[in-house]
1. In terms of modelled amide H atoms, which long-range or inter-chain residues lie less than 5 Å from the amide H of B:Glu40?
2. Among B:Lys71/B:Lys178; B:Lys178/B:Lys334; B:Lys63/B:Lys334, which pairs are too far apart, with a Cα-Cα distance over 26 Å?
3. With each run of n ≥ 4 DSSP H residues scored as -39500 (n - 2.57), what mean residue ellipticity at 222 nm is computed for chain A after dividing by its residue count and rounding to the nearest 500 deg cm²/dmol?
4. Just need the relative contact order of chain A here, percent rounded to a whole number, with Cα pairs under 8 Å and 6+ apart.
5. Beyond 19 Å, what share of the Cα-Cα pairs of the stretch B:194-335 is found? Please give it as a whole percent.
6. May I ask you to derive the FRET efficiency for B:Ile6 and A:Val134 from their Cβ-Cβ distance with R0 = 25 Å, giving the value to the nearest 0.05?
7. Would you give the gap between the C-alpha center of the stretch B:36-55 and the C-alpha center of the stretch B:214-275, rounded to a whole Å?
8. Measure nothing fancy, just the Cα-based angle from helix B:2-18's long axis to the longest principal axis of chain B, in degrees from 0 to 90, nearest 10.
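Bear in mind that the values in this text are calculations on the coordinates, not laboratory data. None of the values given here were measured: they were computed from a predicted structure. Virtual Cβ from ideal backbone geometry, glycine too; neighbours counted across all protein chains shown.
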Amino acid sequence: MNKKYFFIILLILLVSLASFAQETEENFLEPYSRGSQTFSINLGLLVPLFIIFPNQDTVFVSFQNQLSLGGTGSLEWATYLDNRWSIGVGLAGTFAGTPQENTHSLIPITANLTYNFLFNSFEVPLIMGAGFAVNQVDTQVYFGLIAKIGAGFFWNMNAEWAFGLRTQYWLVPEIYFGEQADKTAYGNFLDIGLSAKFHF
Amino acid sequence: MKKYIILMLVAITLILGSCNSDGNGIFFQISQEVKQITSEISELPVHQVVEVDSTVYARTGSKVWVKSASKWTDVSKGNHIYNIVEYNSSLYGNINNDDVNLNGGKIMSYDGSSWSLVTDYATDITLFEADDNYILLEGTTDILSSTSDLSSFVSSTLSGMNILDGAYNGTIGILISKNKIYESAFGVAMTEQTLIGDATGELRGITIDTTNNFFYIINSSGDLYKSDVNGQNWVSVNSISEHISYNGALGNDIIDLTEYLIIGTDNGYYEMEIGTTTISKPSATTSVLDFDTSYPELATELVFEVYPSSTANEFYLATSKGLWKRNTDGTFTKQ
């Protein structure tokens with residue numbers, strides 16, 4: 001319950017950033033160039049989709065009734081290679097509940113590659129990321145890989161601030177060998193949320 | 001450069017391969033977890049369960065509860081009830097004088113709304129059921145009576161026994177105390193039997209298998225013994241590395257046309273297919289791929305009693321934290 005309240009408070013803080021940024025509105029044509037840097041704060045919902053068990057009789061198992069709608073939050077830094085391409089790193093965290101009231105969490109650290117389509121004051125970033133994730137439930141902890149792909153829609157309010165929506169599909173492999181090979185699984189999630197991006 | 005990339009990939013593979021090696025798989029656990037309900041008795045130690053036709057009663061300490069839909073209601077009516085049995089489609093219980101310094105016991109019957117006195121005794125009593133036979137222990141001298149008719153107990157010539165459990169295979173009845181077994185047809189004088197082999201532990205429970213009419217006894221150390229149809233020639237079957245604290249935690253049930261011995265321990269329950277000697281934790285079924293993952297609470301709970309339901313493929317486990325039912329499809333539901 002406390003996590004839910006914390007999550008709501010963070011969302012309110014994110015929205016309040018928009019009103020703060022409006023005070024320094026400027027005109028601009030090209031927001032990014034080589035060496036530009038951005039820092040993003042993202043908050044959203046984690047939608048558990050399904051699990052793939054390649055070594056089980058039932059390969060596709062839905063998360064429905066097995067994992068609740070969760071919350072995500074992330075911090076990302078990026079630097080632009082030119083006015084379209086950027087590379088960066090991100091640290092995220094998620095939580096969701098299981099039927100036996102355990103909390104499942106993911107803490108991914110990813111390297112990100114982004115291409116920005118620009119339309120006047122709007123931008124549509126296509127995002128790819130890959131890295132490592134701490135995957136945890138109950139007493140189990142697994143250190144594994146993660147891959148992300150997604151897109152966003154941002155409004156550049158001024159030369160410094162952009163706000164928008166962002167969604168990413170997460171693939172979280174959990175690979176085992178030997179006698180545990182049948183427990184090998186690929187978790188599939190959707191991260192949908194609000195994003196505030198600061199350009200400097 | 002290529003060498004470093006290969007080394008890095010090998011290192012990542014080794015890390016991933018050794019990660020969570022003692023775990024059961026995070027996504028596997030999530031996929032197998034089963035949500036359990038909470039009820040009026042779900043957090044209580046349930047010592048006994050009795051089915052009366054389709055009505056389920058549970059005893060938690062000296063309280064008796066009845067289940068209606070998903071709700072449990074305390075029907076003790078202020079009585080301290082020490083044991084419950086089913087007889088002639090009614091619930092019976094025994095109560096004793098609440099003052100430990102005073103003797104006096106009663107057999108009471110419950111008609112669905114109130115308790116009525118059946119028989120009054122001058123001493124404390126213990127009433128229990130053994131395969132449709134009824135055993136009554138009277139007072140501190142442990143005078144034993146047994147009968148298939150709850151209204152007419154017959155005195156035995158044996159005394160001084162602290163009987164823990166009993167079983168009846170249609171011909172022979174056997175009672176066990178902490179370190180002795182007694183066999184006879186119920187209702188007459190019983191004969192003390194000698195356990196053979198290394199049966200040195202404290203006896204805990206006895207049951208029969210309906211396939212062969214053999215008797216099975218388990219002791220507190222988890223050693224299982226088997227007799228012939230006459231309750232004699234006891235031999236060791238197998239042993240489990242678990243402690244068994246309470247009598248009554250040995251039962252049998254037929255699941256999918258195969259009879260199993262069900263052994264409740266201080267750490268979950270075990271099963272053994274009749275005709276074999278392998279005792280194991282519940283095996284995987286099509287509906288439960290991993291018992292421990294789906295029911296982690298039940299997997300480690302202390303089991304007070306195993307009670308086969310009148311419904312095929314179903315049985316109850318009365319545990320230190322709630323009552324569980326094994327459903328026809330192999331899943332378990334907390335009651």
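1. B:Trp72
2. Working: B:Lys71/B:Lys178 37 Å; B:Lys178/B:Lys334 31 Å; B:Lys63/B:Lys334 19 Å.
As for pairs spanning more than 26 Å Cα to Cα, those are B:Lys71/B:Lys178; B:Lys178/B:Lys334.
3. Per the formula, -3500 deg cm²/dmol.
4. On the way: 527 pairs, mean separation 44.7, N = 200.
Here the relative contact order equals 22 percent.
5. On the way: 4691 of 10011 pairs.
More than 19 Å apart: 47 percent of the Cα pairs in the stretch B:194-335.
6. Working: r = 25 Å, r/R0 = 1.01.
Result of the calculation: an efficiency of 0.50.
7. The stretch B:36-55 and the stretch B:214-275 have Cα centres separated by 23 Å.
8. It is inclined by approximately 0 degrees.
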